[in-house]
Amino acid sequence: MIDDLRRLEADARAEIGRAADPDELERVRVRYLGRREGLVSALLRQLGRLSREERPAAGAEANRVKKALAGALEERSRELSAAAVSDPDRLDLTLPARGKWRGTIHPVSQVVDDIWQIFRSLGFTRARGPEVDNEWYNFVALNTPLDHPAADEQDTLYLAPGLLLRSHTSPVQIRTMEKYPPPIRIIAPGMVYRRDTYDATHTPAFAQVEGLVVDEGVTFVDFKATLAEFARRFWGPGTQVRFRPSFFPFTEPSAEVDVKRVIVREDGREEETDWIEIMGAGMVDPAVLDNVGYDSERYTGWAFGMGPARVALLRHGVRDLRLFYENDMRFLGQFT
Ligand code: DAH
């Protein structure tokens, strides 16, 4: 019986080795290991004819052979499928292709890039500063006293006394002017942090884009003309720009800048939007220039800070800021 089993094993191994495709291999499996008709099973049915003494050894051998053949079948099956993948004749070219998954640039990053491209073409360079900053850069040097409401713990995320997550990108103005003499013409995009509740119009972390120009003879006319030119390049030639008086500690005078766009409806009708606030801006306060050691009698400048997420919201007609940050691919995938 044991000899018969071993012969069967040798035959089976040879056939497994010769099987040229999965169907043939399956036929070999059924022929030897099939539950009813399989040759191994057939042999096992004769176990009863053996003497009590012979039975255990034959049974054990039968189990070994079954296991060995199952292993050999498994291995051959793996070989065959590996060969199928690398053999061009066996590739099924009629299978529908899987769509290629492509990432997209985040809608807020797209706005930052577009803003940057426009200012770059106007001669600006890019600057950056740390997200963890101190009270000097975030407030004091920007002419904002520490008892100003913006410096309050209610609004600003402090990490340690005097150390905070920057609440705006304006500290990059100070860092840049401390490092370089005029003329300055920079754009500084980056993340900023505030103790805001997370809702449709506020997120505790958000992007800002800061701009700063300082040189001799820079006037309010340069300020208005450059920002108006930016708005027309960003939103289209028909865009109107309005400067509303405002207050920021680091600019004097200060303005809030609004745009009114012309949108073309599907039926071709042109329609004007409402005035939309896009940035805070102003002429750099001479006190700020003094704080970085610039001669405020000689140099003047202007600056602005805008929120690209708000711009992205308006651009795409999205109603809830949170959608930009929840990373739902079905949402983000629309902005290719
Ligand atoms: N830093 C201001 C804010 O976060 C925005 C701002 C206003 C920046 C006026 C400026 C500016 O550079 O001139 O609300």
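The values are calculated or read from the model by the stated rules, or taken from the named source; none is laboratory data. This structure is a prediction, so every number in the text was calculated from the model and none was measured. Glycine gets a Cβ as well: all are built from the backbone with ideal geometry, and neighbour counts include every protein chain shown.
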Residue, surrounded by the most Cβ atoms within 10 Å (Cβ to Cβ), within segment 182-227, restricted to residues that are more than 13 Å from the ligand (Cβ to nearest atom) and among the small types (Gly, Ala, Ser) | Ala205
Flagged pairs (Cβ under 9 angstrom, 6 or more apart or on separate chains; first in segment 273-286, in contact (Cβ under 8 Å) with a residue 24 or more places away in the chain; second near the ligand (Cβ under 9 Å from one of its atoms) and of a type in the set (Val, Ile, Thr)) are Gly280/Thr251; Ala281/Thr251; Gly282/Thr251; Met283/Thr251; Val284/Thr251; Asp285/Thr251
Tally the residues that are out of contact with any Phe, Trp or Tyr (no Cβ under 9 Å at 6 or more places or on another chain) and more than 16 Å from the ligand (Cβ to nearest atom), restricting the search to segment 158-177.
-> 5
Identify, by number, the condition in (1) under 52 Å from the mean Cα position of the chain (by Cα); (2) β-branched (Val, Ile, Thr); (3) surrounded by 14 or more Cβ atoms within 10 Å (Cβ to Cβ) that Val85 doesn't meet.
-> (3)
Please indicate, with yes or no, whether at least one residue in segment 250-267 is free of Cβ contacts under 8 Å to residues at least 12 places away in the same chain, touching a strand residue (DSSP E or B) at 6+ places or on another chain (Cβ under 9 Å) and surrounded by fewer than 12 Cβ atoms within 10 Å (Cβ to Cβ).
-> yes
Note down all Cβ pairs under 8 Å where the first residue falls in segment 307-336 and is closer than 23 Å to Trp235 by Cβ, the second is buried (at least 17 other Cβ atoms within 10 Å of the Cβ) and of a type in the set (Gly, Ala, Ser), and they're at least six residues apart or on different chains.
-> Gly307/Ala207; Pro308/Ala207; Ala309/Ala207; Val318/Ala312; Leu321/Ala309; Phe324/Ala309; Phe324/Ala312
Would you pick out the residues in segment 193-204 that are more than 21 Å from Gly317 (Cα to Cα) and either free of Cβ contacts under 8 Å to residues at least 60 places away in the same chain or part of a loop (DSSP other than H, G, I, E, B) (or both)?
-> Arg194, Arg195, Asp196, Thr197, Pro204
Within segment 131-145, of all residues that are away from the ligand (no atom under 14 Å from the Cβ) and farther than 14 Å from Leu157 by Cβ, the one surrounded by the most Cβ atoms within 10 Å (Cβ to Cβ) is Val140
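Is it fair to say Ile16 is in contact (Cβ under 8 Å) with a residue 60 or more places away in the chain, outside any helix (DSSP H, G or I) and of a type outside the set (D, E, K, R)?
no
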Would you list the helices (runs of 4 or more DSSP H) that sit entirely within segment 221-336 and hold 2 or more residues that are basic (Lys, Arg)?
-> 308-316
Are there any pairs with C-beta distances below 6 angstrom linking a residue in segment 35-52 that is farther than 15 Å from Lys66 by Cβ to a residue that is assigned to a helix (DSSP H, G or I) and at pLDDT 85 or above, with the two at least 6 apart or on different chains, and if so which?
-> Leu50/Ala58
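Within segment 124-180, which residues are assigned to a loop (DSSP other than H, G, I, E, B), closer than 15 Å to Asp196 by Cα and in contact with a helix residue (DSSP H, G or I) (Cβ under 9 Å, 6 or more places away or on another chain)?
Scanning segment 124-180 gives Asp155, Thr156, Arg166, Ser167, His168.
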Those residues that are more than 15 Å from Phe223 (Cβ to Cβ) and either surrounded by 14 or more Cβ atoms within 10 Å (Cβ to Cβ) or within 9 Å of the ligand (Cβ to nearest atom) (or both), I need them from segment 274-285; list them, please.
-> Trp275, Ile276, Glu277
Only one of these conditions is not met by Ser167: (1) at pLDDT 95 or above; (2) touching a Gly at 6+ places or on another chain (Cβ under 7 Å). Which number is it?
-> (2)
Across segment 45-56, the tally of residues that are farther than 26 Å from Arg29 by Cβ and loosely packed, with under 13 Cβ neighbours inside 10 Å stands at 5
